[in-house]
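S.K.: Take this structure first; my questions come after.
The values are calculated or read from the model by the stated rules, or taken from the named source; none is laboratory data. Not measured: the values here are computed from a predicted model. So basically every Cβ, Gly included, is an ideal-geometry build from the backbone, and we count neighbours across all protein chains shown. Only protein heavy atoms, including side chains, enter the accessible area calculation; ligands, DNA and RNA are left aside. Shrake-Rupley method; radii C 1.70, N 1.55, O 1.52, S 1.80 Å.
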Protein chains: 2
Amino acid sequence: MDAYLIYTVLAGLLALIFAFVLSSSITKESPGDGRMAEIAGYIHDGSMAFLKTEYKYLTIFVVIVAAVLGFLVSWQTAICFIFGAVFSIFAGYFGMNVATKANVRTAEAAKHGQSKALKIAFSGGAVMGLSVVGLGIVGLGVAYYVFGGNIDFITGFGLGASSIALFARVGGGIYTKAADVGADLVGKVEAGIPEDDPRNPAVIADNVGDNVGDVAGMGADLFESYVGSIISALTLGAAVFANKEGIVYPLLLSAIGIIASIIGVMFARNSKAENPQKALNSGTYIGGVIVIIAAAVLSNMVFGNLKAFFAIAAGLVVGMAIGKITEMYTSDEYASVKKIANQSETGPATTVISGLAVGMYSTLWPIVLICVGVLISFFVMGGAQDTMMGLYGIALSAVGMLSTTGLTVAVDAYGPIADNAGGIAEMAGLPKEVREVTDKLDSVGNTTAAIGKGFAIGSAALTALGLFASYAHAVEITTIDLLNPITLVGVFIGGMLPFLFGALTMESVGKAANEMIEEVRRQFKEIPGIMEGKGQPDYKKCVDISTAAAIREMVIPGILAIVVPIAIGLLLGKEALGGLIGGSVTTGVLLAIFMSNAGGAWDNAKKYIEGGTHGGKGSYAHKAAVVGDTVGDPFKDTSGPSMNILIKLMTIVSLVFAPVILQYGGILLNMFK
Amino acid sequence: MDAYLIYTVLAGLLALIFAFVLSSSITKESPGDGRMAEIAGYIHDGSMAFLKTEYKYLTIFVVIVAAVLGFLVSWQTAICFIFGAVFSIFAGYFGMNVATKANVRTAEAAKHGQSKALKIAFSGGAVMGLSVVGLGIVGLGVAYYVFGGNIDFITGFGLGASSIALFARVGGGIYTKAADVGADLVGKVEAGIPEDDPRNPAVIADNVGDNVGDVAGMGADLFESYVGSIISALTLGAAVFANKEGIVYPLLLSAIGIIASIIGVMFARNSKAENPQKALNSGTYIGGVIVIIAAAVLSNMVFGNLKAFFAIAAGLVVGMAIGKITEMYTSDEYASVKKIANQSETGPATTVISGLAVGMYSTLWPIVLICVGVLISFFVMGGAQDTMMGLYGIALSAVGMLSTTGLTVAVDAYGPIADNAGGIAEMAGLPKEVREVTDKLDSVGNTTAAIGKGFAIGSAALTALGLFASYAHAVEITTIDLLNPITLVGVFIGGMLPFLFGALTMESVGKAANEMIEEVRRQFKEIPGIMEGKGQPDYKKCVDISTAAAIREMVIPGILAIVVPIAIGLLLGKEALGGLIGGSVTTGVLLAIFMSNAGGAWDNAKKYIEGGTHGGKGSYAHKAAVVGDTVGDPFKDTSGPSMNILIKLMTIVSLVFAPVILQYGGILLNMFK
């Protein structure tokens, strides 16, 4: 094993050790008593039940795909694929397991003030974050070593990660919103009981959903981006440099990013800041600064110049800037959310219209920023003279953006833990002061969630672009000509797929929510004494409904994302497939930004009104804002984030199946030649 | 003048003569008496007032752009530009003038039964349709002759048409929805008076809006597509054929299309079918069959084979199929609308979500059809061996799709005339039987409007693709490489622009509607006796508000559409601009389909419920459906159709400014070289 590889794997192991230590420190805390422990137990069991069912189907899926890969591509790729899938599963399992223990301990700690509660919730998130990067880099490093540095096989690792992300993010998104909408519509609207009321049979599924969607789903999404960006840098690095520097640099930079993340986590965890947001920010900024400095030193050491540093810095800065812009469109401290709240006064239609307009408008700056990042990293590496070298620069900027993924996921997974803690406090009937602490932690989580979503989209875009370049290299094409109508057809089909994906996932949420609604209605009617708090609701049934729906509704979108690229490649050839990737990345990113930000803005417009403006809770404006929020639910938590998965999955499928496309591609095309 | 050119211009003149005859026949009919004539007078005057204001600003705009063109490109291009603008203005003026006379005469004729009313309404639409194609082809033919067949100058004609389309379609879209929403929200919701009530000060503006948006706007949109498709075929035809056959064929085919349209109009006009839809369809099918047969004969005569025929047929069939599919997603006879109506039972949020899902889903088949059309017309002309020849095939398919534009616009412009007739009947207090006739005519108009929108989008896509190829030829590039990050940046920016355009136009409607709301409220409060029908509402003030808003709110989107392509071309070069066109056409078409169909589906779901399902008018489901319909208003009548203009305008701007881009393009790029 070369020294750089040893360092890389060691950094990953360090992250895992640190995650383990954090996890033990959480487990040691008091899980509360009686009612609290009982409720937390339901949530924990529900989460694990979901994972168990998911893994059952995943096993079948992984076996089939591995067989196809072994048969069509190579057995080494198939093994890497299994490897990638298993490592992503481990990360999700570990993270979820700890998150569903941290939630109740956060609630318990909230009895003694904010500081300790924040520490536990953030530590829970950090376990997920460090597991993601630790397992990602260790898995990649080992696979790289085992297969003697043959990058072609390693792409299988990325496909494995993508497959799990599909299940976790798309399935998780359907799960969480089916439970949420079902719990709200029957519980809050029809039965008139408050949110997080233990009499509501869907309340546990709702809390499980937060973990499934925002902890496991987000984790798998960024696990995929993380390993995808590194794979793309390795593929291109191997192609453009005669020696190993093109591989050494991204691996060592990722190693440093992990160390920076660990330091950032420690800082945030021990921050004395009164404002939880500031504590979280301090960690993020410190991590970023460390990476920036290290990237410069490393660039000079490995390449003898600072070009690579500028590419890394461009990625990191663009990632942070996209997060900030996302906040500006979705936080009630800025004009957009206030405008939506204002429009709520003229009813639900104008609320919806203005939210849609905000979402569409919010695509402007993230796209400009991504373009600027792409141009800087391309030109600074000398892309004007050597295109492949420039593409390597773009891949590096993705690695830079994702270098502090450990921190990003930690901050992001903190949100659902705090949210759960609030739910448990409410359900267990803890005193008002406790609820106030958890509410404060929760509200910070909403902002971090929106920022995290923006970051996930930006990183998915850059990762997909890097993998796109890798794909072109793999199928041995140096141009994908947009003037060729075959390419244009690919762009059109690719551009349409995210719309189709969005429609399918939105309809899935609707269907699953309807099943949930009927089940909750049935329980309210049939279980004696349920409304008086004497009869025990059948939480498990609701958890099962969400679980079954999530798995079932994921099948068609999942098959589409895998089959369509291969089919287009086989029928219309590798240029058309290149067009398809280009088209899908473009509209996928746009729809992701549009839907996530519209959803986030509606959500916060509603909360802004609940804060007492425009007549406050129960007013006409508030009712209109609730409609906007409900429309935004599948937007921001299901369809929007699913776009990240779609574009990365389609790109990596194309990359992995490149040898097949190269050999058999263009069947229809050849008929006319 | 060559024979083929003489035939072409003669066919155009024939269309104009026929339009004139139809127009005279309408004017001869009785315009009704007293109250009817008075109301119709307000609508007519309001329409003319809008046109007058529009022309004032247009003159300034045209003079400035012509000066820029003369200075930067050539004085011949500038003259062609003025020519194109003036001819499009004539078409719009002539069509609107007759439409606002046909409306009241349709209402009067409805007193004596459906048959004559249908004849007048359709004749009014046919005047618009035949004016569009007649003026389009005569203008093009004359410009072509005057400038000795130099195609480069003729592109200016297309830019002129595009500029007017921008004012008519985008401005018109804002006009009509500001008036509609304003009239509804205060009149129907707040004051509780019915639709089309003469006491509502915004009611005239609302009826004017139908003419401004759906007669003049749609006409200008298709005028642009019509001349754009021919220009693109001429540009490419001149490039790929040594002799003139590449020019003769599209011109003669267009001439035949005009004759076919005239025959179709006569058939539909004199149809004895009881069902108005069948009467309109009969004309469309007959026109299509004539063109198909003629295309085959002509193909054999001009080229000695049937290749060009297949390209034309592919375009024509795809155009009709897209219309049919649009109907399937937006008519209440199919599942999608029924599903939305069903979801209305659980409230406005689920109504909105399911409508959005339907809209997104509805992108699938139109895109597949466009791709199939592109592939057929490309391969059949031999694109696999000769790319330019294949591109010419795609341009021909656009010409084929648009060959019966005269009929399409006739059917489409029939809708607002029937709608207006209903409004006049209501306002003048005509008997119930009359209103029943106009209602029936109106309901057919809703379907034709949806189909027309689908057709407009499909034709805009094909026209833009043809012009895209012409652009590449003009800037002397043979490949636009998607692997080049500069191109990708272009694609990203281009892909984002339709989202931005959508956001801007939706917000414009909101702003303009708010002004209208305040004015209507003011009049209700300040004009004595207005609610008792004694005080005269100030209709003109409302017309002025819509007019001013339409002109004002159009400025920023318009500037964007013109300046961004030129700026990207100058800064990042001709490949990036090519990417920008590709990206904007892709997302522009997708958003246009999504928004138009979602809007159409919501509209008809509401009407479906009003027909007595799900509790009928006034039920909870109906209230939810009204929310969906209101959200859909700017979707289907402003932002959606604006996309057509955006993509065509940006493409033709690029084509016209090709010489400038060729000489100075890529300033930023060259700095890094």
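S.K.: Would you mind giving the mean number of other chain beta-carbons within 10 Å of the Cβ of each residue in A:631-641, as a whole number? Provide the component values of the computation, followed by the final result.
M.R.: Numbers: counts 9, 2, 2, 3, 2, 0, 0, 0, 4, 0, 0.
Average neighbour count from other chains, rounded to a whole number: 2.
S.K.: Kindly rank B:151-157, A:579-585 from highest to lowest mean number of other beta carbons found within 10 Å of each residue. Please list the in-between numbers first.
M.R.: Values: B:151-157: 25.7, A:579-585: 30.3.
Sorting B:151-157, A:579-585 by mean packing, highest first, produces A:579-585, B:151-157.
S.K.: Can you tell me the dipole magnitude for chain A around its Cα centre, using point charges on the Cβ only (Lys, Arg +1; Asp, Glu -1), in Debye to the nearest 20?
M.R.: In debye, rounded to 20, chain A gives about 520.
S.K.: If I take the Cα coordinates of the protein assembly as shown and project them onto the principal axes, what are the three extents in Å, biggest first?
M.R.: Its Cα atoms span 94, 73, 49 Å along the three principal axes.
S.K.: Suppose the chain between B:Lys511 and B:Met531 were pulled fully straight at 0.36 nm per residue; how much longer would it get relative to their current alpha carbon spacing?
M.R.: My answer for the length gained is 4.6 nm.
S.K.: Shielding of B:584-590 by partners, i.e. mean partner chain Cβ atoms within 10 Å per residue?
M.R.: Details: counts 0, 4, 12, 9, 0, 3, 9.
Taking all residues of B:584-590 together, the mean is 5.
S.K.: Placing +1 on the Cβ of each Lys and Arg and -1 on the Cβ of each Asp and Glu in the stretch A:3-480, which of A:Gln343, A:Ile480, A:Gly213 has its Cα farthest towards the positive end of the resulting dipole?
M.R.: Farthest towards the positive end: A:Ile480.
S.K.: What are the equivalent ellipsoid semi-axes of chain A, built from the alpha-carbon gyration tensor (square roots of five times its eigenvalues), in whole angstrom, biggest first? The partial results should precede the final answer.
M.R.: Details: eigenvalues 303, 147, 114 Å².
Calculated on Cα positions only, the semi-axes equal 39, 27, 24 Å.
S.K.: What gaps in nm, shortest first, separate B:Ile667 from its twins in the other copies when you place the label 7 Å past Cα toward the beta carbon?
M.R.: So the label point of B:Ile667 gives 5.1 nm to the other copies.
S.K.: Another one. Could I have the simple spin-label model distance between B:Glu38 and B:Trp75, label points 7 Å from Cα toward Cβ, reported in nm to one decimal?
M.R.: Taking the simple label geometry, B:Glu38 and B:Trp75 are separated by 5.5 nm.
S.K.: Could I ask something else about it? Quote the charge dipole size of the stretch A:294-404 about the Cα centre in Debye, to the nearest 20; the model charges only the Cβ of Lys and Arg (+1) and of Asp and Glu (-1).
M.R.: Values: 4 positive and 5 negative charges, 30 e Å.
For the stretch A:294-404, the charge dipole is close to 140 debye.
S.K.: Using a probe of 1.4 angstrom, how much of the accessible area of the protein assembly as shown is carbon and sulfur, in percent?
M.R.: Details: 26070 of 41150 Å².
Ligands and nucleic acids excluded, carbon and sulfur reach 63 percent.
S.K.: Here is a follow-up. Under the Karplus relation 6.51 cos²θ - 1.76 cosθ + 1.60, θ = phi - 60°, what is the ordered set of whole-Hz ³J(HN,Hα) values for the stretch B:641-654, x standing for Gly and Pro?
M.R.: Coupling constants for the stretch B:641-654: x, 4, 4, 3, 5, 4, 5, 6, 4, 5, 5, 6, 4, 4 Hz.
S.K.: Moving on. Distance between the C-alpha centers of the stretch B:1-35 and the stretch A:312-338? Whole Å please.
M.R.: Between the Cα centres of the stretch B:1-35 and the stretch A:312-338 lies a distance of 58 Å.
S.K.: Using only the alpha-carbon atoms, how far is helix B:620-634 inclined from the longest principal axis of chain B? Give it as 0 to 90 degrees, nearest 10.
M.R.: 40 degrees
S.K.: Can you tell me how the stretch B:512-649 classifies by the Cα gyration tensor, rounded, prolate or oblate, using a/c under 1.5 as the rounded cut?
M.R.: Working: a/c = 4.63, a/b = 1.54, b/c = 3.01.
Judged from the Cα gyration tensor, the stretch B:512-649 comes out oblate (a/c at least 1.5, b/c at or above a/b).
S.K.: Using Cα-Cα distances under 8 Å and only pairs 6 or more residues apart, what relative contact order does the stretch A:260-341 have, in percent? Could you put the intermediate results ahead of the total?
M.R.: Working: 58 pairs, mean separation 15.0, N = 82.
Once divided by the residue count of the stretch A:260-341, the mean separation gives 18 percent.
S.K.: Could I ask something else about it? For the stretch A:163-232, calculate the relative contact order in percent as a whole number, restricting contacts to Cα pairs under 8 Å that are 6 or more residues apart. Could the numbers behind the result be given before it?
M.R.: Working: 63 pairs, mean separation 33.6, N = 70.
Relative contact order of the stretch A:163-232: 48 percent.
S.K.: The stretch A:130-229: which GluC sites (Glu not before Pro) are DSSP loop and have at most 16 other beta-carbon atoms within 10 angstrom? Show your work: numbers first, answer last.
M.R.: Values: sites: A:Glu190, A:Glu195, A:Glu224; in loops: A:Glu195.
Taking the stretch A:130-229 and a limit of 16 other Cβ atoms within 10 Å, the loop GluC sites (Glu not before Pro) found are A:Glu195.
S.K.: In square angstrom, what is the accessible area per residue of the protein assembly as shown with a 1.4 angstrom probe? It would help to have the intermediate numbers written out before the result.
M.R.: Values: 41150 Å² over 1346 residues.
Value returned for the protein assembly as shown: 31 Å² of accessible area per residue.
S.K.: Find the relative contact order for the stretch B:3-672 and round it to a whole percent, using C-alpha pairs within less than 8 Å whose residues are 6+ positions apart. Working shown, then result.
M.R.: Numbers: 1349 pairs, mean separation 141.9, N = 670.
Relative contact order of the stretch B:3-672: 21 percent.
S.K.: Each label point is 7 Å from the Cα along the Cα-to-Cβ direction; what then is the distance between the points at B:Ile667 and A:Lys607, in nm?
M.R.: Distance between label points: 4.4 nm.
S.K.: Compute the distance in nm between two label points, each set 7 Å from the Cα along the Cα-to-Cβ direction, one at B:Tyr285 and one at A:Asn305.
M.R.: With each label placed 7 Å out from Cα toward Cβ, I get 7.0 nm.
S.K.: Where in the stretch B:218-244 does the amide nitrogen come within less than 19 Å of the point 7 Å from the Cα of B:Thr478, taken along Cα to Cβ?
M.R.: Output list for this probe position: B:236-242.
S.K.: Dipole of the stretch A:402-463 (Lys/Arg Cβ +1, Asp/Glu Cβ -1, origin at the Cα centre): which of A:Ala418, A:Gly452, A:Ala428 lies farthest to the positive side?
M.R.: The residue sitting most towards the positive pole is A:Gly452.
S.K.: To continue, here is another question. Between the stretch B:60-94 and the stretch B:117-188, what is the C-alpha centre distance in whole Å?
M.R.: 15 Å
S.K.: Residue by residue, what Karplus-based ³J(HN,Hα) values in Hz, rounded to whole numbers, does the stretch B:571-585 have, using 6.51, -1.76 and 1.60 with θ = phi - 60° and x for Gly and Pro?
M.R.: For the stretch B:571-585, the Karplus-derived couplings read 7, 9, x, 6, 5, 4, 5, x, x, 4, 5, x, x, 6, 5 Hz, x marking Gly and Pro.
S.K.: Now a separate question. Can you work out the Karplus-derived ³J(HN,Hα) for every residue in the stretch B:49-58? Use 6.51 cos²θ - 1.76 cosθ + 1.60 with θ = phi - 60°, whole Hz, and x for glycine or proline.
M.R.: Whole-Hz 3J(HN,Hα) from phi for the stretch B:49-58: 4, 4, 4, 4, 4, 4, 5, 4, 6, 4.
S.K.: A:Val146 label point, 7 Å along Cα→Cβ, cut-off 11 Å on backbone N: hits in the stretch A:34-76?
M.R.: Within reach of a label on A:Val146, which here means backbone N under 11 Å from a point 7 Å along Cα→Cβ, the stretch A:34-76 contributes A:76.
S.K.: Select from the stretch A:280-352 those GluC sites (Glu not before Pro) which occupy a DSSP coil region and have at most 15 other Cβ atoms within 10 Å, ordered by residue number.
M.R.: Working: sites: A:Glu327, A:Glu333, A:Glu345; in loops: A:Glu333.
Loop-located and lightly packed - A:Glu333.
S.K.: Over 32 Å between Cα atoms: which of A:Lys606/B:Lys623; A:Lys623/B:Lys511; B:Lys339/B:Lys525; A:Lys28/A:Lys617; A:Lys28/A:Lys607; A:Lys119/A:Lys541 fall into that group?
M.R.: On the way: A:Lys606/B:Lys623 21 Å; A:Lys623/B:Lys511 22 Å; B:Lys339/B:Lys525 41 Å; A:Lys28/A:Lys617 40 Å; A:Lys28/A:Lys607 35 Å; A:Lys119/A:Lys541 34 Å.
With Cα atoms farther than 32 Å apart: B:Lys339/B:Lys525; A:Lys28/A:Lys617; A:Lys28/A:Lys607; A:Lys119/A:Lys541.
S.K.: OK, next. What total accessible surface area, summed over both chains, is buried at the interface between chains A and B, computed with a 1.4 Å probe and given in Å² to the nearest 100?
M.R.: 6500 Å²
S.K.: What FRET efficiency comes out for A:Glu245 versus A:Ala548 if R0 is 45 angstrom and r is the Cβ-Cβ distance? Round to the nearest 0.05. Don't jump to the answer; show the numbers that get you there.
M.R.: Details: r = 50 Å, r/R0 = 1.12.
About 0.35, to the nearest 0.05.
S.K.: Let me know the charge dipole size of the protein assembly as shown about its Cα centre in debye, to the nearest 20, where only the beta-carbon of Lys, Arg (+1) and Asp, Glu (-1) is charged. Kindly include the intermediate steps, with their values, before the conclusion.
M.R.: Values: 82 positive and 100 negative charges, 137 e Å.
Computed charge dipole of the protein assembly as shown: roughly 660 debye.
S.K.: Shortest first and in nm with one decimal, please list how far the A:Arg522 label point sits from its counterparts in the other copies (point 7 Å along Cα→Cβ).
M.R.: Listed shortest first, these distances are 5.9 nm.
S.K.: Rounded to the nearest 500, what is the protein assembly as shown's calculated 222 nm mean residue ellipticity when only DSSP H runs of at least 4 contribute -39500 (n - 2.57) each, over all residues?
M.R.: Numbers: 50 runs with 1093 residues, N = 1346.
Helices in the protein assembly as shown give a 222 nm mean residue ellipticity of -28500 deg cm²/dmol.
S.K.: Defining the label point at 7 Å along Cα→Cβ, can you sort the distances from B:Met301 to the same site in each other copy, shortest first, in nm?
M.R.: 7.9
S.K.: One-quarter of the Cα convex hull surface for the stretch A:352-455, in nm²? Kindly include the intermediate steps, with their values, before the conclusion.
M.R.: Values: hull surface 36.9 nm².
Its Cα hull, projected and averaged over all orientations, spans 9.2 nm².
S.K.: Let me ask something else. Just going by the charge dipole of chain A, with Lys and Arg at +1 and Asp and Glu at -1 on Cβ, which of A:Ala464, A:Leu236, A:Ala357 is farthest out on the positive end?
M.R.: Sorting the options by dipole projection puts first A:Leu236.
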